[in-house]
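For reference, the structure is listed below as C-alpha coordinates.
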Amino acid sequence: MIKQGDCLELMKEIPDGSVDMIATDPPYCVGVSSNGLKSSFSDFNLLRPFWEQCFGEWQRILKDGGHVYCCTDWRTYPFLYPIIIKYFCVKNLIVWEHAQMRPGNWYRGSYELIIFAANGDSKRKFGGGERDIWRIKGAPTFSLKARNHPSEKPVELMEKMILDSSREGETVLDATMGSGSTGVACANTGRQFIGFELEKEFFDISQRRIEEALAKKAQELF
(Lines give C-alpha, C1' and ligand atoms only; values in the text may rest on other atoms or scores of the structure.)
Protein backbone atom coordinates (compact mmCIF):
# COMPACT_ATOMS: atom_id res chain seq x y z
CA MET A 1 0.00 0.00 0.00
CA ILE A 2 1.38 3.39 -0.97
CA LYS A 3 -0.27 6.77 -0.50
CA GLN A 4 0.55 10.36 -1.26
CA GLY A 5 0.22 12.78 1.64
CA ASP A 6 1.45 13.86 5.06
CA CYS A 7 3.02 10.86 6.78
CA LEU A 8 1.95 12.05 10.24
CA GLU A 9 -1.69 11.92 9.17
CA LEU A 10 -1.42 8.76 7.09
CA MET A 11 0.33 6.79 9.84
CA LYS A 12 -2.74 7.30 12.03
CA GLU A 13 -4.55 4.89 9.68
CA ILE A 14 -2.12 2.05 10.49
CA PRO A 15 -3.30 -0.29 13.30
CA ASP A 16 -1.26 -0.68 16.47
CA GLY A 17 1.51 -3.26 16.30
CA SER A 18 0.90 -4.18 12.68
CA VAL A 19 4.28 -3.37 11.11
CA ASP A 20 7.25 -5.73 11.36
CA MET A 21 10.03 -3.25 10.66
CA ILE A 22 10.69 0.33 9.59
CA ALA A 23 13.32 1.32 7.02
CA THR A 24 13.29 4.94 5.97
CA ASP A 25 15.39 7.82 4.71
CA PRO A 26 13.79 10.99 6.11
CA PRO A 27 15.00 14.47 5.14
CA TYR A 28 18.03 15.44 7.17
CA CYS A 29 20.59 18.21 7.39
CA VAL A 30 17.63 20.60 7.46
CA GLY A 31 18.61 23.97 8.85
CA VAL A 32 22.27 23.52 8.02
CA SER A 33 24.05 24.93 4.99
CA SER A 34 26.30 22.89 2.72
CA ASN A 35 29.45 24.15 4.43
CA GLY A 36 28.32 22.77 7.79
CA LEU A 37 27.32 26.09 9.34
CA LYS A 38 23.89 26.65 10.81
CA SER A 39 21.59 28.48 8.44
CA SER A 40 19.77 31.61 9.54
CA PHE A 41 16.45 30.65 7.92
CA SER A 42 15.72 27.59 10.03
CA ASP A 43 16.47 25.84 13.28
CA PHE A 44 16.54 22.18 14.22
CA ASN A 45 14.32 22.90 17.22
CA LEU A 46 11.49 23.85 14.87
CA LEU A 47 11.48 20.22 13.75
CA ARG A 48 11.33 18.74 17.25
CA PRO A 49 7.49 18.48 17.40
CA PHE A 50 7.49 16.66 14.06
CA TRP A 51 10.01 14.08 15.22
CA GLU A 52 8.35 13.60 18.60
CA GLN A 53 5.07 12.78 16.84
CA CYS A 54 6.76 10.72 14.13
CA PHE A 55 8.74 8.51 16.51
CA GLY A 56 5.66 8.13 18.69
CA GLU A 57 3.69 6.84 15.72
CA TRP A 58 6.50 4.49 14.76
CA GLN A 59 6.52 3.04 18.27
CA ARG A 60 2.75 2.57 18.22
CA ILE A 61 2.55 0.74 14.89
CA LEU A 62 5.76 -1.31 15.14
CA LYS A 63 5.50 -4.76 16.68
CA ASP A 64 7.32 -5.47 19.92
CA GLY A 65 10.87 -6.40 19.05
CA GLY A 66 10.63 -4.84 15.59
CA HIS A 67 13.65 -3.07 14.16
CA VAL A 68 14.07 0.50 12.92
CA TYR A 69 16.60 1.77 10.38
CA CYS A 70 16.65 5.57 10.08
CA CYS A 71 19.13 7.17 7.69
CA THR A 72 20.79 10.37 8.82
CA ASP A 73 24.09 12.26 8.66
CA TRP A 74 26.72 13.52 11.10
CA ARG A 75 25.04 16.93 11.49
CA THR A 76 21.55 15.62 12.24
CA TYR A 77 22.38 12.59 14.38
CA PRO A 78 23.11 14.61 17.59
CA PHE A 79 19.68 16.22 17.24
CA LEU A 80 17.76 12.99 16.53
CA TYR A 81 19.41 10.74 19.12
CA PRO A 82 18.00 12.35 22.30
CA ILE A 83 14.52 12.18 20.76
CA ILE A 84 14.54 8.65 19.37
CA ILE A 85 15.84 7.11 22.62
CA LYS A 86 12.59 8.21 24.30
CA TYR A 87 10.74 5.73 22.10
CA PHE A 88 13.22 3.02 21.05
CA CYS A 89 16.29 1.19 22.27
CA VAL A 90 19.09 2.38 20.01
CA LYS A 91 21.35 -0.60 19.33
CA ASN A 92 24.00 0.87 17.07
CA LEU A 93 24.94 3.54 14.58
CA ILE A 94 25.71 1.95 11.22
CA VAL A 95 28.18 3.63 8.88
CA TRP A 96 27.19 3.27 5.25
CA GLU A 97 30.28 3.78 3.10
CA HIS A 98 29.00 4.50 -0.40
CA ALA A 99 32.45 4.97 -2.00
CA GLN A 100 31.36 8.05 -3.91
CA MET A 101 32.80 11.45 -3.09
CA ARG A 102 30.14 14.02 -2.27
CA PRO A 103 30.53 17.82 -2.31
CA GLY A 104 32.49 19.30 0.55
CA ASN A 105 35.33 21.70 1.36
CA TRP A 106 36.65 20.04 4.53
CA TYR A 107 37.23 16.47 3.26
CA ARG A 108 34.90 15.05 0.66
CA GLY A 109 32.03 13.03 2.09
CA SER A 110 31.91 9.30 1.31
CA TYR A 111 29.62 7.94 4.02
CA GLU A 112 26.25 8.39 5.67
CA LEU A 113 24.82 7.11 8.95
CA ILE A 114 21.93 4.80 9.83
CA ILE A 115 20.40 4.74 13.30
CA PHE A 116 19.59 1.11 14.17
CA ALA A 117 17.05 0.68 16.96
CA ALA A 118 14.49 -1.77 18.32
CA ASN A 119 11.02 -1.46 19.80
CA GLY A 120 11.46 -2.81 23.34
CA ASP A 121 13.23 -6.11 23.90
CA SER A 122 14.46 -7.61 20.66
CA LYS A 123 16.43 -10.61 19.48
CA ARG A 124 19.04 -10.33 16.79
CA LYS A 125 17.62 -11.52 13.46
CA PHE A 126 20.92 -11.60 11.55
CA GLY A 127 24.23 -13.38 11.92
CA GLY A 128 26.57 -12.55 14.77
CA GLY A 129 29.37 -11.80 12.34
CA GLU A 130 27.67 -8.79 10.73
CA ARG A 131 29.65 -5.54 11.01
CA ASP A 132 28.38 -2.02 11.57
CA ILE A 133 30.18 -0.69 8.50
CA TRP A 134 28.39 -1.41 5.23
CA ARG A 135 30.20 -0.93 1.94
CA ILE A 136 27.46 -0.61 -0.67
CA LYS A 137 27.72 1.47 -3.82
CA GLY A 138 25.48 4.53 -3.80
CA ALA A 139 22.91 5.62 -6.37
CA PRO A 140 24.33 7.55 -9.35
CA THR A 141 25.51 10.98 -8.24
CA PHE A 142 27.18 12.43 -11.31
CA SER A 143 23.95 13.92 -12.65
CA LEU A 144 20.53 14.73 -11.25
CA LYS A 145 19.10 13.29 -14.47
CA ALA A 146 20.64 9.95 -13.58
CA ARG A 147 18.78 9.80 -10.26
CA ASN A 148 15.12 9.37 -9.39
CA HIS A 149 15.51 11.61 -6.32
CA PRO A 150 18.19 14.09 -5.15
CA SER A 151 18.94 11.89 -2.11
CA GLU A 152 18.05 8.54 -3.66
CA LYS A 153 19.23 5.49 -1.73
CA PRO A 154 20.33 2.37 -3.63
CA VAL A 155 17.92 -0.57 -3.60
CA GLU A 156 20.76 -2.81 -2.43
CA LEU A 157 21.13 -0.77 0.76
CA MET A 158 17.44 -1.07 1.59
CA GLU A 159 17.50 -4.79 0.77
CA LYS A 160 20.32 -5.23 3.28
CA MET A 161 18.17 -3.72 6.05
CA ILE A 162 15.10 -5.72 5.04
CA LEU A 163 16.88 -9.07 4.79
CA ASP A 164 18.62 -8.53 8.13
CA SER A 165 15.49 -7.60 10.09
CA SER A 166 12.43 -9.22 8.52
CA ARG A 167 11.18 -12.42 6.97
CA GLU A 168 9.42 -13.05 3.69
CA GLY A 169 5.79 -11.93 3.81
CA GLU A 170 6.28 -9.48 6.67
CA THR A 171 5.39 -5.78 6.46
CA VAL A 172 7.90 -2.95 6.07
CA LEU A 173 7.07 0.75 6.49
CA ASP A 174 8.83 3.67 4.83
CA ALA A 175 7.00 6.82 5.93
CA THR A 176 9.11 9.10 3.69
CA MET A 177 9.66 6.87 0.68
CA GLY A 178 11.04 9.45 -1.76
CA SER A 179 11.56 7.66 -5.06
CA GLY A 180 10.54 4.27 -3.66
CA SER A 181 13.80 2.36 -3.20
CA THR A 182 12.43 0.66 -0.06
CA GLY A 183 9.30 -0.40 -1.93
CA VAL A 184 11.39 -1.83 -4.77
CA ALA A 185 13.52 -3.69 -2.22
CA CYS A 186 10.35 -5.14 -0.65
CA ALA A 187 9.10 -6.29 -4.07
CA ASN A 188 12.46 -7.93 -4.75
CA THR A 189 12.53 -9.76 -1.41
CA GLY A 190 8.88 -10.77 -1.05
CA ARG A 191 7.88 -8.36 1.71
CA GLN A 192 4.66 -6.37 2.08
CA PHE A 193 5.20 -2.62 1.80
CA ILE A 194 3.58 0.49 3.23
CA GLY A 195 4.95 3.75 1.87
CA PHE A 196 4.03 7.43 2.09
CA GLU A 197 5.35 10.39 0.11
CA LEU A 198 4.30 14.02 0.32
CA GLU A 199 5.51 15.23 -3.09
CA LYS A 200 3.43 14.06 -6.06
CA GLU A 201 6.42 14.03 -8.41
CA PHE A 202 8.28 11.53 -6.28
CA PHE A 203 5.13 9.58 -5.40
CA ASP A 204 4.54 9.00 -9.12
CA ILE A 205 8.15 7.86 -9.58
CA SER A 206 7.81 5.51 -6.59
CA GLN A 207 4.60 4.04 -7.93
CA ARG A 208 6.17 3.37 -11.33
CA ARG A 209 9.33 1.82 -9.90
CA ILE A 210 7.44 -0.43 -7.49
CA GLU A 211 5.01 -1.59 -10.15
CA GLU A 212 7.90 -2.41 -12.47
CA ALA A 213 9.67 -4.35 -9.71
CA LEU A 214 6.52 -6.32 -8.86
CA ALA A 215 5.95 -7.17 -12.53
CA LYS A 216 9.55 -8.34 -12.89
CA LYS A 217 9.24 -10.47 -9.74
CA ALA A 218 6.02 -12.04 -11.02
CA GLN A 219 7.72 -12.98 -14.30
CA GLU A 220 10.53 -14.66 -12.41
CA LEU A 221 8.03 -16.87 -10.59
CA PHE A 222 6.62 -18.31 -13.82
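The values are calculated or read from the model by the stated rules, or taken from the named source; none is laboratory data. None of these values were measured; they are calculated from a predicted model. Positions of Cβ are generated from backbone atoms using ideal geometry, with glycine treated the same way; all protein chains shown enter the neighbour counts. Note: accessible area is taken over every heavy atom of the protein model, side chains too, but ligands, DNA and RNA are not part of it. Shrake-Rupley method; radii C 1.70, N 1.55, O 1.52, S 1.80 Å.
Couple of notes before you dig in:
- Global size of region 177-222: 10.5, 35 Å for Rg and Dmax (C-alpha atoms, Rg to one decimal, Dmax whole).
- Within-12-Å neighbourhood charge of Met11 [Cβ basis; K, R +1; D, E -1]: -3
- Net charge of the neighbourhood of Cys70, taken over other residues with C-beta under 15 Å away and scored Lys/Arg +1, Asp/Glu -1, is -3.
- Note on region 54-102: Cα convex hull, mean projected area over all directions, 4.2 nm².
- Within the same chain, aspartates and glutamates fewer than 8 places from Lys200 are excluded, and of the rest, those with a Cα less than 12 Å from its Cα are Asp6.
- Reach of Lys125 by Cα under 19 Å, taken over aspartates and glutamates that are not fewer than 8 positions away in the same chain: Asp20, Asp64, Glu156, Glu159, Asp164, Glu168, Glu170
- Per-peptide average of other Cβ atoms within 10 Å, ordering 165-178, 192-205 highest first: 165-178, 192-205
- Residue order by solvent-accessible surface for Lys86, Lys3 is Lys86, Lys3, largest first, with ligands and nucleic acids left out and a 1.4 Å probe.
- Candidate lysines - alpha carbon under 26 Å from Lys123, same-chain residues fewer than 8 apart omitted: Lys63, Lys86, Lys91, Lys160
- Neighbours of Glu211 by Cβ distance under 14 Å: Lys/Arg scored +1, Asp/Glu scored -1, total +2.
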